[in-house]
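Reading through the structure tokens given below for one structure.
The values are calculated or read from the model by the stated rules, or taken from the named source; none is laboratory data. If you're wondering where the values come from, they're calculated on a predicted model, not measured in any experiment. So basically every Cβ, Gly included, is an ideal-geometry build from the backbone, and we count neighbours across all protein chains shown. Protein only, heavy atoms only, side chains kept; ligands, DNA and RNA dropped before computing areas. Shrake-Rupley method; radii C 1.70, N 1.55, O 1.52, S 1.80 Å.
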Amino acid sequence: MTPPQETALNSPATPAWVRRPTNLARAVTAELVERIVRGVHPSGTSLPPEPILCDTFGVSRTVVREAVKILQEKGLVQVRQGAGTMVTPPSHWDMLDELVLAATIAVDDSLAILDDLVVTRRVLESDMANVAARLADAETVDRLRAMVDRMDELVDDHVTYHDHDRAFHDTIMQASGNRIARGVVRALESQVINTARYMGRTERALCVASNQGHRRIYERIAAHDSNGAAEAMFTHITEAWLVRRSGSGKPVRLQR
């Protein structure tokens, strides 16, 4: 018979759902992702047994099994015959997954995950700017110039400015023709564009400085200077992030 203390340790708290979710498996999955990332169920340990999870979430075995299958697809657990469902190390997790990335960012006070995200975005966008400078036609160049000019007029409205900022970067990514790299950047950014940790400071002077970086990128693309466009994009993304995160007081570990 399992001691009461051990049962308590293995039993996650009942989720505070306001109302019962429509898709129970997804709701249970989301809750378990958060608990694994927070360390409620540490790497190398087993998830609570199926009956306990059923009681905790008030769901059937079928729902729990579906949730565990989804967790396995995300790389968070490994089902071992006779050993239960083991939580895997963070190195196995799918960091491009929406739930995993969001939960990891939420618990990372060091901002290391966001630093890694920016480094990844910088590598991909610098390469796409290089290709865009070679491939961009007159229509794309005109569109980029119009965007930069418009953003100069929007520096007092940081919300609208950032909408145009993202459109500027997306136009360059589209011009590169690299759908995979564009998809990765868009997937990463979609998880963080509404978070204060990523957006950071938004005052007028920062929008002005940001658009100077955009103009340098546009000018290099208009001149079909591939290396110059890549360098301008690299510098812009680096400097913009360092300024946005400067109020956090956390050490920076961006790599060249």
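Could you please find all residues in the range 210-227 being surrounded by fewer than 16 Cβ atoms within 10 Å (Cβ to Cβ) and part of a helix (DSSP H, G or I)?
The answer is Gln212, Asn227.
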Item to check | Restricting the range 1-39 to residues that are open to solvent by 70 Å² or more (accessible area, probe 1.4 Å) and at pLDDT 90 or above, the residue that is farthest from Glu98 (Cα to Cα) | outcome: Arg38
Checklist entry - Could we say that Arg61 is more than 17 Å from Leu99 (Cβ to Cβ), open to solvent by 70 Å² or more (accessible area, probe 1.4 Å), touching a helix residue (DSSP H, G or I) at 6+ places or on another chain (Cβ under 7 Å) and free of Cβ contacts under 8 Å to residues at least 60 places away in the same chain here? => result yes
Checklist entry - Can you name the condition, by its number, that Asp156 falls short on among (1) open to solvent by 60 Å² or more (accessible area, probe 1.4 Å); (2) at pLDDT below 90; (3) in a loop (DSSP other than H, G, I, E, B)? => result (2)
Checklist outcome for this item: Scanning the range 66-82 residue by residue, the ones that are of a type outside the set (Gly, Ala, Ser), modelled with pLDDT of 95 or more and assigned to a loop (DSSP other than H, G, I, E, B) total 2
Next on the checklist: Take the residues in the range 95-136 that are among the small types (Gly, Ala, Ser) and not in a helix (DSSP H, G or I); name whichever of them is farthest from Asp225 (Cα to Cα).
Outcome noted: Ser110
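Restricting to the range 163-188, what's the tally of residues that are open to solvent by less than 30 Å² (accessible area, probe 1.4 Å) and acidic (Asp, Glu)? Working first, answer last.
Step one: of the range 163-188, the residues open to solvent by less than 30 Å² (accessible area, probe 1.4 Å) are 165, 168-173, 175-176, 181, 185, 188.
Among the residues that remain, those that are also acidic (Asp, Glu) are: 165, 170.
Count: 2.
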Checklist outcome for this item: Checked Ser246, Ser176 against criteria (more than 16 Å from Leu124 (Cα to Cα) and among the polar types (S, T, N, Q)); the one match is Ser246
Item to check | Failed item, numbered, when Ile193 is tested on (1) at pLDDT below 95; (2) assigned to a helix (DSSP H, G or I); (3) open to solvent by 40 Å² or more (accessible area, probe 1.4 Å) | outcome: (2)
